Amino acid sequence: MRSSARPYTHIASSLMVLSALLTGCGGATDKEPATNPPVTVPPGPIAITFSSPVATNNVHDVGTSVPLQVSVTVNGNPAANGTPVTLTTVPSVSLAPVAPTTSGGAATSTLTSTITGPVVVNATVTSTANTANESLKLYIRPAYQPLELLVPAYFAAGTSSPWTSLTAGGNSYPNVKITAIANPNNGVLTATTTANTDLVTAITAFKSTHRKVIGYVSTLYGNGARSEADVKTTIDKYIELYPGLEGFFIDEMASGINRLAHYETIYSYIKGKNAAFVVIGNPGIFPDPAYTGAADALVTFEGSAAGYQALDPQQSSNTWVYSQANTAQAMLTHSADTCTAMQETVKYANLARLNTGLVFATDQTTNRSATALPSYWTKLLGTVDALNAGRTLPAC
């Protein structure tokens, strides 16, 4: 007699085989995803340093991405891959990511700031026994503006005047902004001063290239030798005799806080005449930061090209310039003997660390009594134009 249990045994066996097949295909149950265990940094000396950006590249434009990199070592060797680093800074600055991990001993992130001025980033790494910290100080400046030329056009007007070359150059490089400083009577105009008709003609011709001309005003450093009334008389006479002017160059400006009120009064007086007038002050050095309220732009260097290339706002504790647009700072250099020296000087001014937007260089030995434009005038225009456009500089 056959047993009736065999069919059921066969069915059960088939089901077991099918179940095993389904399990092997992943159809029966889900496996937990694999995860990497957190890296445990062994005890021992641990160190962290910012390797990027380098110290000479610590000024950046607001709103731009700044790559950051930190290097981590343990016992003098690169930290294991995956070692976590914590980055912190002020709320108005973003970091992505805020907790990068190392690869090859380095961790990277990106900083973006919506504010100008100094920004400090802190980096921390911890082992089982030690913690290491490092800080990086950056300066965030307003968005970069193209370079402009500020030309001390102190020479005489008339037939064969450098004003003709000044105007011709402006026509040749229409994209380069130029502000020329006219200087009749050495910046001292009185009630009896009359107009220089040749200068009126020169100003009119130069302005036809859509450039600006401002009037030179002597102030003798606000020491009282030229009173506030004297300066106001000069300004009024300029407006009367040279209606084409669009502002004033306040020369011999003091730099100390004790003279600030004098220059604030002059600034207010000019703006009261016409709010659109441009006021450029020339202390010739970095003044007290409060002078930013006494001019639209400040000449923070006037001297030799060699002296300018030794200038560093950070070494002289004048980092307040990074809170200003580059066009709020100017330089006037002389004794740039060759075209190459001129180009090196202008390139230096264009560095973010110098944050200078109004530039001038000449092979004359002075700006104050220069009788001509630099011999490389058109090359100077071409250099500024090329830097603004990101092109190769013209050959000297």
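Readers should treat all values here as calculations from the given coordinates under stated rules, not as data from a laboratory. Just so it is clear, the model here is predicted, and its values are computed rather than measured. With ideal geometry, Cβ positions are generated from the backbone for all residues, glycine too; neighbour counts draw on all protein chains shown.
One table, with the values for the structure above:
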{"read-out": "Cα-based helix-to-principal-axis angle, 6-24 vs the chain, degrees rounded to 10", "value": "20"}
{"read-out": "Calculated FRET efficiency for the pair ALA389/GLU246, C-beta based, R₀ 22 Å, to 0.05", "value": "0.30"}
{"read-out": "Gaussian network model of the chain, springs between alpha carbon atoms under 10 Å - residue of SER160, SER375, SER323 with greatest fluctuation", "value": "SER160"}
{"read-out": "Sites ASN75 and THR110 - FRET efficiency at Förster radius 35 Å, r taken between beta-carbons, to 0.05", "value": "0.75"}
{"read-out": "Average projection area in nm² (convex hull over Cα atoms of the chain, one quarter of hull surface)", "value": "33.4"}
{"read-out": "Whole-angstrom gap from the stretch 224-261 to the stretch 59-86, using each part's C-alpha centre", "value": "52"}
{"read-out": "Rounded FRET efficiency, nearest 0.05, which uses the C-beta distance separating SER369 from LYS273 and R0 of 30 Å", "value": "0.55"}
{"read-out": "Relative packing of peptides 84-95, 196-207 - highest average C-beta neighbours within 10 Å first", "value": "196-207, 84-95"}
{"read-out": "Whole-Hz couplings from phi, Karplus 6.51/-1.76/1.60, listed for the stretch 162-178; x for Gly and Pro", "value": "x, 4, 5, 5, 4, 5, 4, x, x, 5, 6, 10, x, 8, 9, 6, 10"}
{"read-out": "Folded to 0 to 90 degrees: helix 339-349 orientation relative to the chain principal axis, Cα", "value": "60"}
{"read-out": "Rg/Rh ratio calculated on Cα atoms of the stretch 46-141 (Kirkwood radius)", "value": "0.98"}
{"read-out": "Length added when fully stretched, ASN133-THR201, from 0.36 nm per residue minus Cα-Cα", "value": "18.0 nm"}
{"read-out": "At 1.567 mPa s and 4 °C, Stokes D of the stretch 281-396 from Kirkwood alpha-carbon radius, µm² per second", "value": "90"}
{"read-out": "Amide H contacts under 5 Å for SER52, placed H, 5+ residues apart", "value": "GLN69"}
{"read-out": "Compactness of the stretch 209-342, expressed as Rg and Dmax over alpha-carbon positions, Å", "value": "15.4, 45"}
